[in-house]
Amino acid sequence: MSEEQTLLGLEGDGATEGTDATHDQTQNSDADGTANAAAEEATADDSATDDTTDTDGDDGAGDGEQAGAPEAYEDFAIPEGLGLEVDEKRMASFKDLAKGLNLSQDAAQTLVDEYTQAIPEIAAAAMEAATQAAEQKQRDQAEAWAKESREHPDIGGSSLEGVLARGNRVLGEYGTPSLIEALKQTGMSNHPDMIQLLNRVGTTLEEDRLENGKPPASTQTTADRWYPNNQSAAAE
């Protein structure tokens, strides 16, 4: 019902109450009945008007909602200080996605801001995960080489202890600390080919010294001092 109809109902009620007081009781009763009917009609009209007003309010809220996607997005602002360069191909893909979601310019910019601010954390986490994965892979490879050396027909089994002692002697006499550290870090100290190489060099040196009347150098102190982990890792 419209506001005009509601007012008409109220006017009917007031006019009835203003009826001449000199009328007899019957006329007053009739007037009261008319007033009551007018009041009931006014109440019904008020209720209908409230419903109409609520509906109109909802429509108004809808009219105030943020606009959807523009015909073409303007260039989005990229936060400074992050060292980021815009990939035009990816940016075009993002604009297509935003348009498909009917995002306004401001809404799409908010997504850009959130994503770009998170990039350093994402990159750091990815780098950490890659580093850990690489280290684990290296440890697994070193253990696989150690197992292969322990089971090798020429240098493994009961021969392994002497082979490792001989190789450690070669490293102690001719290897530099940086070389020894590199062999440890890369796991190459457990590689069967590296152990065989050092064993052959050690055997040749022992033969040469025996021919020259010199005893072979001590193995235990050299192994403990220069390369203690090689023997323990491969001997397990």
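Read-outs: derived from the displayed coordinates by stated rules, not from any lab. Keep in mind that this is a model prediction, so the values were computed, not measured. When we count neighbours, we look across all protein chains shown, and the Cβ atoms used for this are built from the backbone with ideal geometry, even at glycine.
Worth a mention:
- Theoretical gain in end-to-end length, ALA77 to ASP113 [0.36 nm per residue, Cα-Cα removed]: 12.2 nm
- When each of the peptides 194-207, 121-134 is scored by the mean number of other C-beta atoms lying within 10 Å of its residues, the order from highest to lowest reads 194-207, 121-134.
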